[in-house]
1. For MET398, list long-range residues whose amide hydrogen, built 1.01 Å from N in the peptide plane, is under 5 Å from its own amide hydrogen.
2. Need one value: the accessible area of ASP154 in square angstrom, 1.4 angstrom probe, rounded to the nearest 10.
3. Given a Förster distance of 35 Å, report the FRET efficiency between SER308 and GLN85 from their Cβ-Cβ distance, rounded to the nearest 0.05.
4. Can you put LYS272, LYS354, LYS239 in order of accessible area, largest first, using a 1.4 Å probe?
5. With the other protein chains left in place, how much accessible area per residue, in square angstrom, belongs to segment 249-365 at a 1.4 angstrom probe?
6. When the Cα centres of segment 289-336 and segment 237-259 are compared, how far apart do they sit, in Å?
7. Peptides 123-132, 424-433: what's the order by average Cβ count within 10 Å, highest mean first?
8. Could you sort out which of LYS354/LYS434; LYS272/LYS354; LYS178/LYS378; LYS354/LYS406 sit more than 26 Å apart by Cα distance in this structure?
Amino acid sequence: MAHTVPSPLLLLWLVCLCCHADGDYTTNCPTPETMVSPRCENVLEDCLSGNLSWTRCYKQHIVSCTPARRGKPGFIFLQVETSNQVEVRPTVDHDVRMPSSALQRAASAEVVKEVKVVKVVVVVVVTVLDSKHFQPPRRKRGRRVGATHTVLGDTVLVVQAGSSPLQNLSEPIIMSFKHNNMVGEGRCVFWEESAQEEGTGSWSSDGCDTNDTGSHFVCRCNHLSFFAVLVNADMTLSKEDAVNLSWITMVGSSLSAFFSTLSLFLYVCLHKRQPERGVGLHMHLTVALLCLHLCFLACSLGARGAGSWPCGALGLLLHWSLLATVTWSALEGFHLYLLLVRVFNIYIRRYLLKLSVVGWGLPTLVSLVCGLLQVYGKFQLQLPDANNQTFTLQICWMSSESTHMKAVILVTSVVFPSLVVLFNSCMLALVVCKLRAGGGWQKKAKGGGGGRLWKDSVSVVALSCLLGLPWGLLSTTYVSLAGIYLFTLLNSLQGVFVFLWSLALTCKSSSDTSSSSGDTSSQKIITTSFNN
């Protein structure tokens with residue numbers, strides 16, 4: 001008997017007959033278009049072009065699509081037995097671990113009509129999407145709600161097992177998101193659809209726990225969804241801004257190193273003429289500042305070719321010189337405190353020697369402890385350029401892979417300088433009060449002493465740089481890009497400001513030799529204080 005080929009309509013009728021025992025073939029019966037599963041690479045585009053929620057559409061069709069034969073980068077399509085667990089890496093920055101209990105839950109949800117046979121194989125899809133597709137609802141005037149945080153890497157991780165939603169899992173899904181240590185605090189979130197507007201939603205952290213290992217954000221969530229990590233948006237920099245800031249620091253540090261050397265010569269000459277403790281204190285601060293800028297230039301230029309050990313040694317020297325500069329700035333404020341607050345009974349035997357033990361000993365001790373913790377190494381900062389390509393900045397400082405890096409930076413480079421700036425700010429305010437009481441700025445302004453008032457103001461500004469108060473602008477770097485530029489500019493030129501102060505002291509010392517009468521303003525109060 002000849003073999004007859006059934007027509008497509010007959011096949012369609014048979015499928016409907018098997019799927020619907022109740023005889024209703026008109027409502028849910030598949031059409032020829034739906035019988036052919038879409039290709040996986042077209043699912044996102046097809047769902048975005050629809051009128052309904054594209055996220056629900058994507059979850060439903062991504063597990064039933066036809067994957068490409070050769071595979072697609074960043075897209076993993078697996079058929080896994082429920083007795084196994086899944087450990088996959090869709091990209092170099094993402095890792096996903098799904099326990100077998102989650103697969104068993106997904107399999108129990110996939111039930112064949114009436115028969116209720118539990119499948120032993122589950123389709124698992126893990127991929128990444130662009131965060132631009134996830135939009136919050138619009139306000140009445142068309143503005144989007146919520147822009148205080150940004151998605152880490154602008155990527156969203158999709159984890160799906162089966163077509164049914166899974167929640168309240170007994171064992172969490174573990175996901176890892178790599179970061180570059182400069183993103184601030186991160187928070188694991190998932191996409192929650194909005195009931196106000198189709199295709200929109202918001203990020204929620206319900207059911208997810210976050211752990212920062214120093215190089216990765218580890219998320220543990222009790223459900224499957226679209227996952228991401230929200231980080232502080234104010235911490236990001238573009239490639240252009242990073243290059244501009246690098247040039248500012250390089251040029252500014254070069255100028256500071258040069259003028260710090262000139263300041264040392266001026267202080268040596270001044271110390272020979274007037275061997276006073278204040279001048280010796282300025283010399284130590286200038287040496288620390290010179291070491292800081294020289295080490296910064298060496299760490300910036302040598303980061304590309306230096307190995308792990310040489311780069312770690314340079315990072316130790318840079319950290320040590322930074323701590324020494326901040327410590328000697330604190331000792332300058334302490335010297336002001338003795339002269340302007342205590343005034344009497346301030347003689348301390350071997351005063352400068354004791355200050356040197358603190359000024360050089362404390363940074364050395366802290367740097368050695370950090371060296372034993374293996375904190376120092378090559379620091380890398382990855383930034384996007386105009387073409388959305390990764391741009392990497394390197395410096396020998398603290399290793400990006402070190403688990404202690406954030407704690408060390410917080411204590412030694414944020415908390416300690418902040419305390420010094422707070423104390424020295426109080427000392428500067430005391431100097432201003434002394435100037436008002438001794439010289440009387442208001443009297444000078446009324447009496448036409450505008451030139452003297454200008455000199456007093458310049459002296460206070462120069463004194464603030466000597467006390468390290470520009471480090472207080474660190475807080476502005478978390479507010480705006482202009483704050484980052486201002487902080488970088490003033491601190492990279494600190495050696496220039498110290499030179500101007502040393503030049504003013506030298507000139508004032510020469511003028512005091514010939515005349516010392518009638519001076520009740522800053523030249524008498526500030527200069528006399530620091531040269532005692």
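1. Placed amide hydrogens put GLY377, PHE379 under 5 Å from MET398.
2. Only protein atoms counted, so the area is about 80 Å².
3. 0.45
4. On the way: LYS272 165, LYS354 110, LYS239 65 Å².
So the residues, ranked largest to smallest area, are LYS272, LYS354, LYS239.
5. On the way: 5480 Å² over 117 residues.
Accessible area per residue: 47 Å².
6. Cα centres, segment 289-336 to segment 237-259: 16 Å.
7. Details: 123-132: 19.1, 424-433: 16.4.
Ranked from most to least packed, the peptides come out as 123-132, 424-433.
8. Values: LYS354/LYS434 28 Å; LYS272/LYS354 21 Å; LYS178/LYS378 17 Å; LYS354/LYS406 32 Å.
With Cα atoms farther than 26 Å apart: LYS354/LYS434; LYS354/LYS406.
The values are calculated or read from the model by the stated rules, or taken from the named source; none is laboratory data. Please read these numbers as outputs of a predicted model, since none were measured by experiment. We place every Cβ from the backbone using ideal geometry, glycine too, and count neighbours over all the protein chains shown. Remember, those area values only see protein heavy atoms, side chains included, never the ligands or the DNA or RNA. Shrake-Rupley method; radii C 1.70, N 1.55, O 1.52, S 1.80 Å.
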